[in-house]
Amino acid sequence: GIGLAAQDILHNNPSSQRALCLCLVLLAVLGCSIIVQFRYINKALECFDSSVFGAIYYVVFTTLVLLASAILFREWSN
């Protein structure tokens, strides 16, 4: 989303003002997501061994990426 909004901003389309607002909102959401993720990763590493956490994190992250890709590209219909 940030990339698409950035393209509209750089091409000076009539909707570039809306694209700028969208880009700023998406950047804010991205920043908040990164902060939340770091906070909970640090909490998890305090409670669990890093080898256990790494394995669980890898499986969950990979599963969510595959699910998001399937939803984004509508792979369930093929």
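Per residue, the chain reaches -28500 deg cm²/dmol at 222 nm when only DSSP H runs of four or more residues are counted, each adding -39500 (n - 2.57). Treating r as the C-beta distance of GLN37 and SER16 and R0 as 30 Å, the FRET efficiency rounds to 0.45. Surface analysis of the chain yields an accessible area of 85 Å² per residue, using protein heavy atoms and a 1.4 Å probe.
Descending by average beta-carbon neighbour count within 10 Å, the peptides 27-36, 2-11 line up as 2-11, 27-36, the highest first. Per-atom-type breakdown for the range 27-78 gives carbon and sulfur 72% of the accessible area (1.4 Å probe, protein chains only).
A Förster distance of 22 Å, applied to the separation of the beta-carbon atoms of LEU4 and TYR57, puts the FRET efficiency at 0.15. Overall, the ratio between the Cα radius of gyration of the range 1-76 and 2.2 N^0.38 Å, rounded to two decimals, is 1.53. Among the chymotrypsin sites (Phe, Trp or Tyr not before Pro) in the chain, those located in a DSSP loop and surrounded by at most 14 other Cβ atoms within 10 Å of their own Cβ are PHE48, PHE73.
The values are calculated or read from the model by the stated rules, or taken from the named source; none is laboratory data. Not measured: the values here are computed from a predicted model. Ideal geometry is used to build each Cβ from the backbone, glycine not excepted, and the neighbour counts take in all protein chains shown. Quick note on the areas: whole protein, heavy atoms, side chains included, nothing else; ligands and nucleic acids left out. Shrake-Rupley method; radii C 1.70, N 1.55, O 1.52, S 1.80 Å.
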